[in-house]
1. Tell me, in nm to one decimal, what length is gained between Glu2 and Asp88 on full extension, where the rule is 0.36 nm per residue of separation less the Cα-Cα distance?
2. Rank Arg7, Arg26 by accessible area, highest first, at a 1.4 Å probe radius?
3. Once you have the Cα-Cα distance between Phe109 and Tyr122, take 0.36 nm times their residue separation minus that, and quote the gain in nm to one decimal.
Amino acid sequence: GEIPPQRPNTAVITKSVDGVSAASDRLNSKLQSVLFDRLQFVEREELEVLWDEQKLGMSGLLDEQTIATAGKIQGVAYILFLKVKSIDAEKHLFEAKLVSVEDGGVVWFLYSEGSVKEIEEYLSSLNS
């Protein structure tokens, strides 16, 4: 899929698996810097208000469709789901999925494996 051309409001949800929060933070920052010209990212504080409001009316875990619906309420057009998982001490798996809040469909997907440095280099190449 294609990333929309007009910098729509986009929320970012990051899931770190196996205690890789430092790697997750680095890769999240790198991807946001790469996509900055194409997406307008919503501040984390605004997202926390959104999630707190939504949790009051929901029970159980939030799935992508529920989060997309919640984002629509707050004027967010897309949600960027990031997942970082450690494969071993040096190798990580990185997934990024841009989901439309309009219909819950995935409009863009990225997958990469390697060291944090290798994944950062790959993300940098997306601007070329």
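The values are calculated or read from the model by the stated rules, or taken from the named source; none is laboratory data. Because the structure is predicted, anything quoted here is derived from the model rather than measured. All accessible areas refer to the heavy atoms of the entire protein, side chains included, with ligands and DNA or RNA removed. Shrake-Rupley method; radii C 1.70, N 1.55, O 1.52, S 1.80 Å.
1. Once the chain is fully extended between Glu2 and Asp88, it gains 27.8 nm.
2. Arg26, Arg7
3. 3.3 nm
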